Amino acid sequence: MNPKDAAKDAAKAAKDKLEGLMDITVPGVPGPAPATVEEPTAVKPPLPPKPDQGAPDTRTATGAPTGAPVTARSQQSAYLTNSTGTRLRDTDHSLKAGSRGPTLLQDHHLREKITHFDHERIPERVVHARGAGAHGVFEGYGTAESVSMAGLFAKGKETPVFVRFSTVLGSRGSADTVRDTRGFATKFYTEEGNWDLVANNIPVFFIQDGIKFPDVIHAGKPHPDREIPQAQSAHDTFWDFVSLHTEAQHHTMWNMSDRGIPRSYRMMEGFGVHTFRCINAEGGTSLVKFHWKPKLGVHSLTWEEAQMVGGIDPDFHRRDLYDAIEAGAHPEWELGVQVFPDEPDQMFAGIDLLDPTKIVPEEIAPVQPIGKLTLNANPTNFFAEVEQVAFHVGHLVPGIDVTDDPLLQTRLFSYVDTQLSRLGGPNYNQIPVNRPHVPTNDMFRDGFHQHAVHSGVAPYKPNSLDGGCPFAAGADLSEEETRAFVEAAVKVSEATKVRANPASYDDHYSQVRQFWLSMTPVEKEHIIRAYTFELGKCYEQAVKERQLQCLANIDPVLCQEVATGLGLPAPSPTITLEDLEPSPALSQVTGPFPPDGRMVGIVVDPDGDLSGVDALRRTIHGAGMVPLLIGPHGGMIDGMPVQRTFATGRSVEVDVLLLAGWPKPAPDALANRDAKAGAPGAAGLDPRVALMVQECHRHAKVIGAWGEGVAALAASGVAESDAGVVTGGSPADVFTGVSEQMAFHRVWDRFPTAV
Ligand code: HDE
């Protein structure tokens, strides 16, 4: 056959193969589509949402699911699928040319899986990157009515909330117990929209004007060349800045006090810092400072504990919050307000209410409780909730407004701006944890990560095509139905533009000294040690000297003690201050406090007398505390589960230590090796037990012992007669004595003080 005929035959054969393949008809589609499509001119109702267009599964504060029902805990299908819902048989092997490869570029599943993974991280928060969060509920007392019309304060009104606690300086993976300010941000999902109270555990700030925020944060963050130290202020750039910029001295003093190293997020106060303006139903305004008061009291770690925990359990605060909520020890705070008349000068008792470096002592303006916060549910997914929650001081509801505090004014800009890069666009309020629990109709459209399928054709106002919808709220602002957010009609000063502070912002020292004078001797001792540590970590002589000058202006004893520690001369003050009245409310050495959620370690000897220990565990539980059985090995001892061994448990985890025996080091045990390595303790007592007792004693914790435990105490070098040591014949007797003492958190008498 000649080549021409062969080509003809091949073409015919190919045509025959196609025979029949072109007659595809789609069942249910009668014929060809009409040639012209009608232009849509009339408004049509939107299609009903498909079942899978619901919100992703998330839990509200009450635990009720939102969005579409789910069949599995993780997502919406019991089967493994790709991101477009096609089921997969294998996600363990990439598609290869033969079992030894190479891998094929066409493996869409491999590429999709790895690409998604490559993009799992989002930028961490520029400040407050390290945090922990929880869901809860806020209940109004009805006492704020004369001050604010906000519906959430009404008597008995329950509002779901989400709270995020944080440190400020450290990265996302930094340790929890560093010396730093703590964030305490609360999102209230109210019936009038979201209100965010973005607070700290320190009532004053480093700067009076927000334009200086990048300066203070650059100074506090790690050095730009070596990126050390992480998550702390004990370095030259920080002290360089705060010693030059003396308005920071007040906040710094709080940081150097025990407030800088909280025992737990559950045991911190929270402060709105700025003065806000509240509006009541009659339109009357007041100036208001918000305070959170923890039910458990304000408590701190000791500095040595904080440092140890940083290594032993860097997640200490995160774990503490999670465990307490899981155990049912739901943390509680009261929200309180200091209320001031809204007078044109915005001053109270000589204090400028717009200066965020000043407090108003509670003794002259009492904190009045207006509601209670309870945290009762842990997040379901850390990233989705804690990482993606976006707070903003401008998330306000009717009845709560801002003032002209220049720090607050800058924050009103910064919190939206930062989410654009952190959460990748302007639609972050559609993320489940940020969504209000009320309908929204904001006319915002499109943008990255748009999840809503908006209906209607007229996202503008005024319009006629969507029937004029959405409508502005009515003029009667006191009616709940129509209540809208309306800025308080405050007169703006007729001033000239200027880059300056008012003269009332000039005093940088009086309140710092007032704080110092309000401390008990043990708190003063801690402050001296903190300054000495931090400045001792600085290399630059000039920085240390300049900060000593600031301390000299605060108090001569403080300055002298720190100078002695640094081996430098103490300078004389350069200013004369008039002493303010001390404010006892600033001290945290008070009590008694309820013991809820405290950790009680019980050291047991499996070969010793264990009678009464199980009953004691139940008593401790019943009293709202957490008993931790600590034994030489894991598993069970006398029917009780061992929660920590001498290898996994350390003293810093417990608030109180009870010794129920004298555990001996077993032959060949790890403990023996520790003993050979020189760990303390009398011969015959497991040296790790002795170490635990000694550390608890040094950290001023209450210690109880009975039976052979009393001998173990003595063998560890702790006298029965020491303050805060309780011994007795039975676990029950000892625990009664221990409970009385632990209501004061620590045995303060055990700390040596020089001032
Ligand atoms: Fe913030 N702050 N801040 N801050 N702040 C942020 O917002 C900022 C200030 C506070 O758990 C950022 O979403 C400026 C005072 C908390 O998500 C950012 C100024 C107080 C949190 C920001 C301040 C706070 C933040 C970083 C000076 C106590 C954590 C990530 C004008 C009343 C919120 C973010 C959370 C977070 C800016 C001062 C509290 C960059 C510019 C004062 C608790 O927007």
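Details
- Candidate set: the range 174-183, residues that are in contact with a Pro (Cβ under 8 Å, 6 or more places away or on another chain) and within 16 Å of the ligand (Cβ to nearest atom); chosen: the one farthest from R130 (Cα to Cα): R182
- Within the range 114-165, the only residue that satisfies the criterion of being away from the ligand (no atom under 15 Å from the Cβ), touching a residue at least 24 places away in the same chain (Cβ under 8 Å) and farther than 22 Å from V397 by Cα is H116.
- In the condition set (1) hydrophobic (A, V, I, L, M, F, W, C); (2) more than 14 Å from the ligand (Cβ to nearest atom); (3) under 26 Å from H699 (Cα atoms), F238 is compliant with all but (3).
- The range 399-408 - residue that is within 26 Å of S146 (Cα to Cα) and not acidic (D, E) and, of those, nearest to the ligand (Cβ to nearest atom): L408
- When A563 is tested against the conditions (1) crowded, with 20+ Cβ neighbours inside 10 Å; (2) more than 29 Å from W748 (Cβ to Cβ), the lone failure is (2).
- Among residues of the range 90-113, those that are without any contact (Cβ under 8 Å) to a residue 12 or more places away in the chain and either within 16 Å of the ligand (Cβ to nearest atom) or not small (G, A, S) (or both), counted: 11
- Any hit, the range 165-174, residues being of a type in the set (F, W, Y), crowded, with 24+ Cβ neighbours inside 10 Å, more than 14 Å from P262 (Cβ to Cβ) and at pLDDT 95 or above: no
- Count of the range 224-241 residues which are surrounded by fewer than 24 Cβ atoms within 10 Å (Cβ to Cβ) and touching a Ser or Thr at 6+ places or on another chain (Cβ under 6 Å): 1
- Pair list, Cβ under 8 Å, 6 or more apart: the range 184-202 residue closer than 15 Å to L373 by Cβ and touching a residue at least 40 places away in the same chain (Cβ under 8 Å), other residue more than 9 Å from the ligand (Cβ to nearest atom) and acidic (D, E): N201/E269
- Filtering the range 414-436 to residues that are out of contact with any Leu (no Cβ under 9 Å at 6 or more places or on another chain), in contact (Cβ under 8 Å) with a residue 24 or more places away in the chain and within 13 Å of the ligand (Cβ to nearest atom) leaves S414, Y415, V416, T418, Q419, S421, R422, L423, N429, V433.
- Screening the range 724-745 for residues that are in contact with a helix residue (DSSP H, G or I) (Cβ under 7 Å, 6 or more places away or on another chain) and more than 19 Å from P595 (Cα to Cα) and picking the one that is surrounded by the fewest Cβ atoms within 10 Å (Cβ to Cβ) gives G728.
- Whichever residue in the range 672-703 is crowded, with 22+ Cβ neighbours inside 10 Å and more than 36 Å from the chain's Cα centre (by Cα) and, among such residues, is modelled with the lowest pLDDT: G681
- For the range 293-324, residues that are within 23 Å of K187 (Cα to Cα) and surrounded by 22 or more Cβ atoms within 10 Å (Cβ to Cβ) total 6.
- Qualifying position, being more than 22 Å from the chain's Cα centre (by Cα), surrounded by 12 or more Cβ atoms within 10 Å (Cβ to Cβ) and at pLDDT 95 or above, among T159, T143: T143
- Here A384 clears all of (1) within 11 Å of the ligand (Cβ to nearest atom); (2) part of a helix (DSSP H, G or I); (3) small (G, A, S) except the condition numbered (1).
- Among the residues of this structure, A231 counts as one that is assigned to a loop (DSSP other than H, G, I, E, B), away from the ligand (no atom under 13 Å from the Cβ) and in contact (Cβ under 8 Å) with a residue 12 or more places away in the chain.
- Pair list, Cβ under 6 Å, 6 or more apart: the range 717-728 residue farther than 16 Å from R746 by Cα, other residue of a type outside the set (K, R) and assigned to a loop (DSSP other than H, G, I, E, B): T727/E720
The values are calculated or read from the model by the stated rules, or taken from the named source; none is laboratory data. Being a predicted model, the structure only gives us computed values, none of them experimental. Please note: Cβ atoms are built from the backbone with ideal geometry, for glycine as well, and neighbour counts cover all protein chains shown.
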